[in-house]
Amino acid sequence: MKDGNRYIPVEERTGNESIVYFTRDLSPAGIMKAYEKVNANITGRVAVKLHTGEPKGPNIIPPAWVKEVLEKEPSLKDARIVETNTFYDGDRYTTEQHRKTLEVNGWTDFCEVDIMDEDGTIDLPVAGGKWFDHMTHGSHMTGYDSMFVLTHFKGHMMGGFGGSNKNIGIGCADGRIGKGMIHAKDGDDWGVVEEELMEKITESTKASIDYFGKNITYVNVMRNMSVSCDCEGIEAAPVVTPNVGILASTDICAIDTACVDLIYAMCEKDHHDLVERIETRHGHRQLSYMHELGMGNSRYILIDLDHNNVLLTPEKAVEGVKPFVLIK
């Protein structure tokens, strides 16, 4: 099944259900509230996979929020933020440039940031992939016991949307070989598009999550959702989609699917731009391919952490969402 440009309604989905937790509390406390529901297997040396952004990018998860979470969460006391260099030639292309950008954005004020491909690469197997039998990641990845995937959910210029799948699939592949395997085709560095791109991103993600097994968990922050990725920095398109909240799950397919469902549950004027971005880039193929590869479930139970763990539908979760207000 492809249909990467088509939204699959809940009633058309099959299979088991996973648990996804939801809070409207867009704050460090909200991140911790969500994370604490899904962190049972986060042990040992912990990698926190973030998109740390281009210089002065306005929409990234605020470093001050992450600082508070790392300081207060016992399982993250000695965690490191992890990143890899970019495939495009910009302010994070080399390790030296990347470290300057991390400093500009305030990440190094409170935490050591590990650029995982600084010292080379490692190949991890891709089980059941149709494009790859392995993916090349930053060599430091295998120095960690667990990974906490903390994702700013937003649009993406090529992927349609950037959730946990994009955060790992692109973000853990090294900047030269792995990202080239995903993007380049027939001599064109950016020749892979639509379904093929979504599938290659997803196979890269599978290499990471298979490596960590049960020791990986996901929190998606739905705020400042431009149609642009944080890799566009200050050039990102204006934000027109309302803030929603924070989601958490141990199932990567379920959490990204729930975020997309929450976008589609908005009224037309609020979700038009982001829905158009997802559909024109065939972003739904990220979700269906994760399901096909056995990476998680497309059906889920949404639990409202703000109201005594009651069950929600996406429509109920976004009911009464106010027009966008920048949360700094």
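In the chain, the DSSP beta bridges split such that about 50 percent are antiparallel, to the nearest 5.
For Tyr300, the residues whose modelled amide H falls within less than 5 Å of its own, excluding neighbours fewer than 5 places apart on the same chain, are Ser18. Couplings 3J(HN,Hα) for the stretch 295-312, derived from phi with the Karplus relation 6.51 cos²θ - 1.76 cosθ + 1.60 (θ = phi - 60°), are 8, x, 10, 8, 9, 7, 10, 9, 10, 8, 6, 7, 9, 6, 6, 6, 7, 10 Hz, where x marks Gly and Pro. Stretching Arg6 away from Glu36 to a fully extended chain increases their span by 7.4 nm, per 0.36 nm per residue minus the current alpha-carbon distance.
Hey, if you put +1 on the Cβ of every Lys and Arg and -1 on every Asp and Glu Cβ in the chain, which of Pro58, Gly191, Thr101 ends up farthest toward the positive end of that dipole? Projecting each Cα onto the dipole axis, the largest value belongs to Pro58.
Here the contact order of the stretch 147-202, divided by its residue count and restricted to Cα pairs under 8 Å and six or more residues apart, works out to 29 percent. Based on DSSP H segments of at least four residues, each scored -39500 (n - 2.57), the chain has a per-residue ellipticity at 222 nm of -8500 deg cm²/dmol. Note on the stretch 60-145: semi-axes of the ellipsoid equivalent to its C-alpha gyration tensor, largest first and rounded to whole Å, are 26, 18, 11. Spacing of the modelled spin labels on Asp189 and Thr313, each 7 Å from Cα toward Cβ, amounts to 4.7 nm. Relative protection proxy for 175-187, 309-321, from highest mean packing down: 175-187, 309-321 (other beta-carbon atoms within 10 angstrom). For the chain, the convex hull drawn through the C-alpha positions has a volume of 118 cubic angstrom per residue.
Once the piece of chain linking Trp131 and His272 is laid out straight, how much longer is it, given 0.36 nm per residue of separation minus the C-alpha distance between them? Can you show the working numbers first?
Working: separation 141, 0.36 × 141 = 50.76 nm, distance 3.24 nm.
My answer for the length gained is 47.5 nm.
The amide H of Asp25, built 1.01 Å from its N in the peptide plane, has Ile246 as neighbours under 5 Å, considering only residues 5 or more places off or on other chains. Loop-resident chymotrypsin sites (Phe, Trp or Tyr not before Pro) (DSSP state other than H, G, I, E or B) in the stretch 224-328 with no more than 12 further Cβ atoms inside 10 Å of their Cβ are absent.
Output the pairs from Lys67/Lys200; Lys33/Lys100; Lys33/Lys72; Lys154/Lys269; Lys56/Lys179 with a Cα-Cα distance over 22 Å in this structure; if there are none, say none. Before the final figure, lay out each step's value.
On the way: Lys67/Lys200 32 Å; Lys33/Lys100 32 Å; Lys33/Lys72 12 Å; Lys154/Lys269 17 Å; Lys56/Lys179 24 Å.
As for pairs spanning more than 22 Å Cα to Cα, those are Lys67/Lys200; Lys33/Lys100; Lys56/Lys179.
Values quoted throughout were computed directly from the atomic coordinates according to the rules given, and no laboratory measurement underlies them. Since we're looking at a predicted model, the values are computed, not measured. Virtual Cβ from ideal backbone geometry, glycine too; neighbours counted across all protein chains shown.
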